[in-house]
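> Got a structure for you, questions after.
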Amino acid sequence: MQATDQSNAVAYRGTGRRKSSIVRVRLVPGTGVMTINGKPGDLYLQFNPSYIANAKAPLESLGLENDYDVLVNARGGGLTGQADAIRLGVARALCELDPENRKPLKLEGYLTRDPRAKERKKYGLRKARKAPQYSKR
């Protein structure tokens with residue numbers, strides 16, 4: 001089966017997860033443009049500098065921020081979780097691009113999936129740990 005989109009021929013893929021966010025990332029040789037769900041990355045991340053910097057951090061640490069376009073498909077969660085998931089997905093795609101990238105990315109902590117997630121609510125409690133007010137009488 002022939003791929004109709006030429007950019008798929010040299011796309012490097014990575015998957016990132018954080019909280020309830022799941023992100024699929026494609027790195028394509030280009031000019032450094034980030035597109036998330038069909039929108040420009042800055043617009044999607046609401047021009048929040050910390051979200052944008054977090055998502056582009058693996059590229060910047062390797063000095064490749066202007067060499068690859070980042071195409072992202074993000075689902076679930078909020079912007080914080082999605083930005084962290086994008087960071088993990090980009091780092092994994094960079095490892096697929098060149099296995100030599102793994103060591104510097106690992107040292108920076110970009111290849112570690114953050115396991116923290118919301119704790120489930122328990123019966124008899126108002127939230128995961130919050131108990132009803134205690135009264136002796």
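> Simple spin-label model, 7 Å along Cα-to-Cβ: ASN48 to SER20 in nm?
Taking the simple label geometry, ASN48 and SER20 are separated by 1.6 nm.
> Applying a 10 Å radius around every beta-carbon, put 112-122, 10-20, 36-46 in order of their mean neighbour count, most first.
Result, highest mean first: 10-20, 36-46, 112-122.
> Further question: Quick one: length gained pulling ALA117 to LEU79 fully straight, 0.36 nm per residue minus the C-alpha distance?
Here the answer is 12.2 nm.
> Follow-up question, since we're still on this one. Looking at the chain, how many pairs of lysines come closer than 23 Å at the Cα, when each pair is eight or more places apart or spans two chains?
17
> Here's a follow-up. What residues qualify as long-range amide H neighbours of MET34, i.e. H under 5 Å apart, gap of 5 or more or another chain, H built at 1.01 Å from N?
When sequence neighbours closer than 5 places are left aside, the close amide H contacts are GLY41, VAL70.
> Can I ask one more? Pairing the Cα long axis of helix 49-62 with the longest principal axis of the chain, what angle in degrees results, from 0 to 90 and rounded to the nearest 10?
The angle comes out at about 50 degrees.
> Against the longest alpha carbon principal axis of the chain, how many degrees, from 0 to 90 and to the nearest 10, is the axis of helix 79-97 turned?
Between the helix axis and the principal axis of the chain, the angle is about 40 degrees.
> Obtain the nm distance between the two label points defined at ASP67 and ALA131 by a simple spin-label model: each point lies 7 Å from its Cα along the Cα-to-C-beta direction.
Label at ASP67, label at ALA131, 5.7 nm between them.
> For the range 13-80, what is the relative contact order in percent, using Cα pairs closer than 8 Å and at least 6 residues apart in sequence?
Dividing the mean separation by the residue count of the range 13-80 yields 47 percent.
> By what distance, in whole Å, do the Cα atoms of the range 6-108 stretch along each of the three principal axes, largest value first?
33, 32, 21
> So what is the calculated 222 nm ellipticity per residue for the chain, using -39500 (n - 2.57) for each DSSP H run with n of 4 or more, over all residues, to the nearest 500 deg cm²/dmol? Can you show the working numbers first?
Numbers: 4 runs with 44 residues, N = 137.
Rounded to the nearest 500, it is -9500 deg cm²/dmol.
> Mind jotting down the distance between the C-alpha centroids of the range 45-65 and the range 74-112, whole Å?
One Cα centre to the other: 11 Å.
Each value in this text was obtained by applying a stated rule to the coordinates, not by laboratory testing. No experiment lies behind these values; they were computed from the predicted model shown. Cβ: placed from backbone, ideal geometry, glycine included. Neighbour counts: every protein chain shown.
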